[in-house]
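Reviewing the structure listed below.
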Amino acid sequence: MKKSRKTKPTNIAALVLTIAAVLLFVYIAQGLVPTEIEGTIEPETTTAATTEATTAATTEATTVPTEAATESTTEEAPHELTVEERALEILSQMSLKEQVYQLFIVRPEQITGSSEKITEAGSGFEAGLEEYPVGGIAMFAENIIDREQTVEMISNMQSYSALGLFIAVDEEGGTVSRIGNNSAMGTTSFPSMKTIGNTGDTDEAYNVGYTIGTEILELGFNLDFAPVADVDSNPDNTVIGNRAFSTDADIAAEMVAAAVEGFEDSGILCTLKHFPGHGDTSADSHLGYTELDKSLEELWETEFVPFVSGINAGADLVMVGHISVPQVTGDDTPASLSETMINILRNDLGFDGLIITDSMQMEAITDRYTSAEAAVMAIKAGVDIILMPENLEEAANGILEAVESGEISGERIAESVLKILKAKIEAGIIS
């Protein structure tokens, strides 16, 4: 029960007397007291004792606040940096190499150089991370054995990073669940997202996001490459299928927004994928060139609908697929490397978060570009994070050389790094 606040009568009386004394002193000092007040008080009756008492009251009323004000001024609390100021402070202390490597999220094996899938992070990982100070690590089923091993591996990796790492995983629910499909992890296993969408209940989609987010956050992950925002509109599609919430864009949009809200409430960073939409393609970008044969108007009618919904719900990242949209771009450049498509995502869909590519190890990229070429094209297009280049060192050196030659400005690199740092600060990855 809330208690009422009461003022003590004695305090009020003392306050009134003090104020009266102060006013009387001011009037005397300025000669405003009349010679006679209704013929009863002469100025001579204001004795030295009265003046002394008034002065004492005035002193008592003014001295303490003055001392407090002085103390407050001299011992003022230090300015607490805003997220922007903190990120700028960190950025100002980073070398160009450190900035460039922040643009990458890679597999743990790309840090150690191991040809075998690693399940622990020891001195070899520490040395590798010092050489390649990447922004994040993406873990796969092969890296995840059980809870204890996963927690220890992630904790060790984080301890070796000067800035803190994005620790990412593909945990969509359904078939793409690196954790949920491992019974040793003790986490919730969900059916396909199409099954969730078919319920017509957005609370179910919210529960997927919230539960997955909560459970993987407990393990040390801070970034999920989910939810899928594609519309399963092509029966010949072999890569999306029941990973999407629906064949109907509006239903998919409602489910995606609810899932994003669930992820956000859990405290995990989430990612919409695969922009501009992989659901109406007949080819798989994992295996080679993939084209979405639609006009911009058609994309707005279907493919963009769930992405807009997810962006408005607060999605942190958008993953851009290696999908060519020749009717929009005028060529066969994959969306992940296309300035036109990135500008549409930024300016037309209004996304101001982090833009990440799909894995650069997919054959839609490796069949046509070197690691350096693809990395440079992605950064020039406006991408913030490059996911798993085929050759990390070659990709990073390609960007460094492009900066040195003037092909990419240092400001362009700093722009993306600043966004990454701000996201890490806001997520508590950087303390």
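No lab work stands behind these numbers, since they all come straight from the coordinates. Keep in mind that this is a model prediction, so the values were computed, not measured. Positions of Cβ are generated from backbone atoms using ideal geometry, with glycine treated the same way; all protein chains shown enter the neighbour counts.
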Practice prompt. Using θ = phi - 60° and the Karplus relation 6.51 cos²θ - 1.76 cosθ + 1.60, list the HN-Hα couplings for the range 311-316 in order, rounded to whole Hz, with x at every Gly or Pro.
Written response: 5, 5, 7, x, 4, 7
Discussion item. On a 23 Å Cα-Cα criterion, which of the cross-link pairs Lys273/Lys380; Lys273/Lys294; Lys97/Lys419; Lys117/Lys194; Lys194/Lys422; Lys97/Lys424 come out too long?
Written reply: Lys117/Lys194; Lys194/Lys422
Worksheet entry | Full-stretch length increase - Asp352, Ala141 - with 0.36 nm per residue and alpha-carbon distance subtracted | 72.9 nm
Item to complete: Name the residues whose placed amide hydrogens come within less than 5 Å of the amide hydrogen of Ala168, ignoring near sequence neighbours (fewer than 5 apart) on the same chain.
Response: Ile137, Ala138, Met139
Discussion item. Taking θ = phi - 60°, what integer Hz values does the Karplus form 6.51 cos²θ - 1.76 cosθ + 1.60 yield along the range 384-398, in sequence order, with x for Gly and Pro?
Written reply: 9, 10, 9, 9, 6, x, 4, 10, 4, 4, 5, 5, 5, 5, x
Worksheet item: Can you give the relative contact order of the range 159-230 as a percent, counting alpha carbon pairs under 8 Å and 6+ residues apart?
Response: 41
Worksheet item: Put a dot 7 Å past each Cα toward the Cβ at Asp201 and Ser115; how far apart are the dots in nm?
Response: 5.1
Discussion item. Around Gly128, under 12 Å between beta carbons, what's the net of Lys plus Arg minus Asp minus Glu among the other residues?
Written reply: -4
Worksheet, complete the sentence: Rounded to the nearest 0.05, FRET efficiency between Glu298 and Ala127 (Cβ-Cβ, R0 45 Å) equals 0.35
Practice prompt. Within the set of other residues whose C-beta is less than 14 Å from the C-beta of Ser155, count the net charge using Lys and Arg as +1 and Asp and Glu as -1.
Written response: -4
Worksheet item: Ordered by residue, what ³J(HN,Hα) values in Hz, to whole numbers, does the range 86-95 give under the Karplus form 6.51 cos²θ - 1.76 cosθ + 1.60, where θ = phi - 60° and Gly and Pro are x?
Response: 5, 5, 5, 4, 5, 4, 5, 9, 9, 6
Response to the item:
Env charge @ Met388, Cβ radius under 11 Å, K,R +1 / D,E -1, value -2
Worksheet item: Glu291's amide H: which non-local residues (gap 5+, or another chain) put their own amide H closer than 5 Å, with H modeled 1.01 Å from N in plane and none for Pro or chain starts?
Response: Ser282, Ala283, Ser324
Item to complete: Evaluate E = 1/(1 + (r/R0)^6) for Glu363 and Ser431, where r is the Cβ-Cβ distance and R0 equals 41 Å; express this FRET efficiency to the nearest 0.05.
Response: 0.55
